[in-house]
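Computed from the coordinates by the stated procedures, all read-outs in this text should not be read as laboratory data. Computed from a predicted structure; not experimentally measured. Using ideal geometry, Cβ is built from the backbone for each residue, glycine included, and neighbour counts are taken over all protein chains shown.
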C-alpha cells in the first residue's frame, strides 16, 4: 500500500525539509481520508480561522470569517508550494538517482571491516533520503568528530542522524532520567552513525570521491 493512502492510519505526515526526497524549502503536508480531521486541519493551519459558510455562527457577508479554535500559521507560502509542486514532476528522476548512489555506496562499503551499510528490506521500493553508514569508531581508532573533521577538510560534509530522543534534555527533565540499558539498540546505533552526502545532483565523480575518502579513513 503506497504511503499517504491512509488505509492504515487516520493521517499521514510528509516532511519537505531540504534533505528529503522532494522539498519545498521547509514545511510539510498531511493527508487524510477522514472528512472531520480534514476540516479540523484546515482551521489548525490558519490560526483556527474558517470562512466556510456552513461553519459560521453568523454570516453578514463574503468578507466575514471567524476564529473558532486556537491554531497556528502553519501554511506553506505560495512560493514554497510552487517549489514543492515543481519537484513532484521530478520525483521519479530523484528516486532513481538516489538509488544509483546508494547502490554505489553499498557495493563499495559492504565488505569493509568495521562498516555496516544501511538495512534495506525491499530494494525495489526503497528510496533513501539519508545514507547512514555505521562505523565502529573504536576499532578504526578515530573518534567520530575526528572523522567528520577530516572529511570536512576534503570538502565532504557529514552529519549524525539522529541523536536518540531518550537522551534529549526535554525528556530526561520532564519524564525522568532514562536508563540507557532500556534503549541499548538505539544508543548503539547512535554511537556508530554517520550520514554521508546523498542528493540527486551528485555526479559519479562526487560519489567516488566520498567512497575514496571513507576508504582512506
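With r defined as the distance between the Cβ atoms of residue 79 and residue 199 and R0 fixed at 25 Å, what FRET efficiency is calculated, to the nearest 0.05? Present the calculation step by step, with values, prior to reporting the outcome.
On the way: r = 21 Å, r/R0 = 0.84.
So the FRET efficiency works out to roughly 0.75.
Can you figure out the FRET efficiency of residue 167 with residue 120, using R₀ = 30 Å and their beta-carbon distance, to the nearest 0.05? Efficiency, rounded to the nearest 0.05: 0.65. Once you divide the Cα radius of gyration of the range 91-216 by 2.2 N^0.38 Å, the number left is 1.17.
Projected label points at residue 209 and residue 72, each 7 Å from Cα along the beta carbon direction, are separated by 3.8 nanometres. Compared with the rule-of-thumb size 2.2 N^0.38 Å for a compact globular protein, the range 11-88 has a Cα radius of gyration ratio of 1.28. Would you please give the FRET efficiency between residue 107 and residue 10, computed as 1/(1 + (r/R0)^6) with r the Cβ-Cβ distance and R0 = 45 Å, to the nearest 0.05? Efficiency, rounded to the nearest 0.05: 0.65. Between residue 38 and residue 185, the modelled labels are 3.7 nm apart [label points 7 Å from Cα along Cα→Cβ].
Reported to two decimal places, what Rg/Rh ratio describes the chain when computed on Cα atoms with Rh from the Kirkwood expression?
On the way: Rg = 22.4 Å, Rh = 21.0 Å.
With Rg and the Kirkwood Rh in hand, the quotient comes to 1.07.
Label positions at residue 178 and residue 63, each projected 7 Å from the Cα along the C-beta direction, are separated by 5.3 nm. Spatially, the range 148-177 and the range 196-217 are offset by 22 Å when compared through their Cα centroids. May I ask you to list the residues of the range 201-217 whose amide nitrogen lies under 17 Å from a point 7 Å from Cα along the Cα→beta-carbon direction of residue 150? It comes to 209-217, nothing else.
List the relative contact order of the chain as a percent without decimals, with contacts defined as Cα pairs under 8 Å and 6+ residues apart.
Numbers: 259 pairs, mean separation 35.5, N = 217.
Relative contact order comes out at 16 percent.
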